[in-house]
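**Student:** The structure's right below; bear with me while I get my questions together.
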Amino acid sequence: MKIAGKHYRTIWPLGEEAVEVIDQTRLPHEFATLTLRTAEDCARAIKTMVVRGAPLIGATAAYGLALAMREDASDAALDAAHDALLATRPTAVNLRWALKRMRDRLRNHAREERAALAWAEAAAICDEDVAVCRAIGEHGLTILRAAAEQKNGKTLNILTHCNAGWLATVDWGTALAPIYLAHDAGIDLHVWVDETRPRNQGASLTAYELGGHGVKHTIIADNAGGHYMQAGKVDLCIVGTDRVTANGDVANKIGTYLKALAAKDNDVPFYVALPSSTIDWSLQSGRDIPIEERADDELLKMTGRLPGGGLATVEIAAPGSPGANPAFDVTPARLVTGFITERGVCAATEAGLRGLFPK
Ligand code: MRU
């Protein structure tokens, strides 16, 4: 996608010595990039959310493993880098998927071949992510086209939560890919952007992306979605996901479950967009998904831009009160209208997923 007319991916190689990423902790106030030279740099970038979003976390970890192989390509170093990167964030399964793919690719090759192979494999993961997200966009476009036809010339209103756009992937995004393609196809649409407390990925990242692409949108408080659904102002919801279990349960950014409940109560279709690398076939139900607990600072403090242009972090809660900060929740499959994947749209059931992704 483009920033100020220039095409960017969220991660790209600098020769074979380093990778460059967009520093998402500084958006939307500043556009800055960061160079990652070691596996430790990549692990830190994932942990501190310089990069975030399930597919991008996987891609960054893949490059982290590739950078580790440049320093030491022994089996012990491979396992150590794999484990250190895997420990960075617990919920997005794309991390495990990408690291397993990298290790499987390298395992049976001689040490001297591993660095080059790893670099090529990480690049392939990125290129595939772009193609997969584009395909999700095409399949989602079919749904948006049909929904727009029902509107008889009126604007199609879509609600999304968190950021599942191009900044969460290598390019295009998952939930936002259909929206970009629909916008480009001339469909009249408007997006309700949940601010997505506590880190505000909606207000800071989704709004930044949509604005950059010229898509009409409005930021709303997380609590406002149900009200707009009752008022008939939401035609459908599309969200991304960090892990889908075999039965179709969906882990996504905290607050997604409440939005799905409100959608069900108001007969608003609720779609989840995902690449197949987000499916965790090893878990039968969402109850078993590890939910990341993050520091309460994210809840009790807020960072923003001062009138003079500088950034400042301020306390917004009663001094001394503790906070609890689960980063994800699980939406039961029964609340999901359908999955939009790179192979098409399916029911949010094991049979639906298996129909598209046989064993
Ligand atoms: O904590 P984050 O910002 O890494 O959260 C991940 C997400 O961006 C969302 O949960 C998203 O909806 C799924 S990732 C495409």
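**Student:** Is it the case that D249 is away from the ligand (no atom under 11 Å from the Cβ), in the same structural domain as I289 (by TED's automatic domain parsing), under 19 Å from A92 (Cα atoms) and touching a Cys at 6+ places or on another chain (Cβ under 9 Å)?
**Tutor:** no
**Student:** Next up: Within the set of pairs 6+ apart or on separate chains, which have a first residue in the range 230-242 that is assigned by TED's automatic domain parsing to the domain that holds L274, a second that is modelled with pLDDT of 95 or more and assigned to a helix (DSSP H, G or I), and C-beta atoms under 6 Å apart?
**Tutor:** V234/Y228; D235/A147; L236/A147; C237/A263; V239/T256; T241/T278; D242/A54
**Student:** Do we have W166 as within 15 Å of the ligand (Cβ to nearest atom) and open to solvent by 20 Å² or more (accessible area, probe 1.4 Å) here?
**Tutor:** No: the conditions fail for W166.
**Student:** Taking only pairs six or more apart or across chains, which ones have beta-carbon atoms under 8 Å, a first residue in the range 69-95 that is at negative phi, and a second residue that is polar (S, T, N, Q) and modelled with pLDDT of 95 or more?
**Tutor:** E71/T38; A92/T278; V93/S277; V93/T278; N94/S277; N94/T278; L95/T88
**Student:** What's the total number of residues in the range 310-359 that are aliphatic (A, V, I, L, M) and either in contact (Cβ under 8 Å) with a residue 60 or more places away in the chain or surrounded by 14 or more Cβ atoms within 10 Å (Cβ to Cβ) (or both)?
**Tutor:** Looking only at that region, the number is 12.
**Student:** Another question, if that's okay. Could you pull out the residue among Y257, Y208, Y228 that is in contact with a Ser or Thr (Cβ under 7 Å, 6 or more places away or on another chain), modelled with pLDDT of 95 or more, among the aromatic types (F, W, Y) and open to solvent by 10 Å² or more (accessible area, probe 1.4 Å)? Don't jump to the end; show me each part of the working.
**Tutor:** Details: Y208 fails: in contact with a Ser or Thr (Cβ under 7 Å, 6 or more places away or on another chain); Y228 fails: in contact with a Ser or Thr (Cβ under 7 Å, 6 or more places away or on another chain).
When all the criteria are applied, what remains is Y257.
**Student:** Scanning the range 28-51 for residues that are open to solvent by less than 10 Å² (accessible area, probe 1.4 Å) and not in a helix (DSSP H, G or I), which turns out nearest to the ligand (Cβ to nearest atom)?
**Tutor:** Among those residues, the one meeting the criterion is M49.
**Student:** While we're here: Any chance you could count how many residues in the range 52-67 are more than 15 Å from the ligand (Cβ to nearest atom) and touching a residue at least 40 places away in the same chain (Cβ under 8 Å)?
**Tutor:** Residues that pass the stated criteria total 5.
**Student:** Then there's this: Of all residues in the range 306-359, which are at positive phi, at pLDDT 95 or above and out of contact with any helix residue (DSSP H, G or I) (no Cβ under 9 Å at 6 or more places or on another chain)?
**Tutor:** G320
**Student:** Quick one: is L159 open to solvent by less than 30 Å² (accessible area, probe 1.4 Å), away from the ligand (no atom under 16 Å from the Cβ) and touching a helix residue (DSSP H, G or I) at 6+ places or on another chain (Cβ under 9 Å)?
**Tutor:** When the stated conditions are applied, L159 does not pass them.
**Student:** Among the numbered conditions (1) open to solvent by 30 Å² or more (accessible area, probe 1.4 Å); (2) more than 25 Å from E20 (Cβ to Cβ); (3) in contact (Cβ under 8 Å) with a residue 24 or more places away in the chain; (4) not β-branched (V, I, T), tell me where L144 comes up short.
**Tutor:** (1)
**Student:** Something else: Just checking, does the range 119-126 include any residue being touching a Ser or Thr at 6+ places or on another chain (Cβ under 8 Å) and either within 14 Å of the ligand (Cβ to nearest atom) or open to solvent by 10 Å² or more (accessible area, probe 1.4 Å) (or both)?
**Tutor:** No, the conditions are met nowhere in the range 119-126.
**Student:** What number of residues within the range 270-311 are over 18 Å from the mean Cα position of the chain (by Cα) and not in a helix (DSSP H, G or I)?
**Tutor:** The qualifying residues number 18.
The values are calculated or read from the model by the stated rules, or taken from the named source; none is laboratory data. Computed from a predicted model, the values in this text were never measured in an experiment. Glycine also receives a Cβ, built like all others from the backbone with ideal geometry; neighbour counts cover every protein chain displayed. The protein model used for the area step is the full one, side chains on, heavy atoms only, and it has no ligands, DNA or RNA in it. Shrake-Rupley method; radii C 1.70, N 1.55, O 1.52, S 1.80 Å.
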